[in-house]
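All remarks here apply to the structure that follows.
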Amino acid sequence: MIVRSKISRALRELRFVRIRIGKPSVTIIVLIFLGFAIFSLGGGIYDILEKPMALLPAPEFPVFFYSGLQEQTLNESLQAMFLITIGTLGCFVVYRSTRYAYRPRTAAILLLIGLALLILSFVGLEWVLALKGA
């Protein structure tokens, strides 16, 4: 009887105990998804699975780019990831420029910086692809 009352008291106390799990920040979740998207678009999954060489040796000098589109070096992946990140930051800066509608000079400066980052990213990615011989 005593054991049964202790168990019932313990069960009554457990009813009031609630486990609180912290809600993760939306910003952190978005950054994690964005980082994974940049990683996968830049060829990170290929790098993990294939383990490509960082440099391809040549007799005169090391060649950074292989002439085939079906293969890539680690440097190409890192450059692509970096340039995609710059383009993403450019999009974010262009988006942030809309918050300064009542300060046209600040909005124009942020818009120009964002567009410059986007153009730099696009030209850089096209240049990396052109070096592959495509």
Other-chain or far-sequence residues with amide H under 5 Å of residue 73's (modelled H): 66
Shape category assigned to the stretch 83-130 from the gyration tensor of Cα positions, a/c cut at 1.5: prolate
Length gained when the stretch residue 105-residue 34 is fully extended (0.36 nm per residue, less Cα-Cα span): 22.6 nm
Simple spin-label estimate for residue 26 and residue 92 in nanometres, 7 Å along Cα-Cβ: 1.6
Most to least packed among 30-38, 113-121 [average Cβ atoms within 10 Å]: 113-121, 30-38
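No value in this document is a laboratory result; all are computed from the given coordinates. As the structure is a computational prediction, the values presented were derived from the model and not from experiment. Quick reminder, even Gly has a Cβ in these numbers, built from the backbone with ideal geometry, and neighbours come from all protein chains shown.
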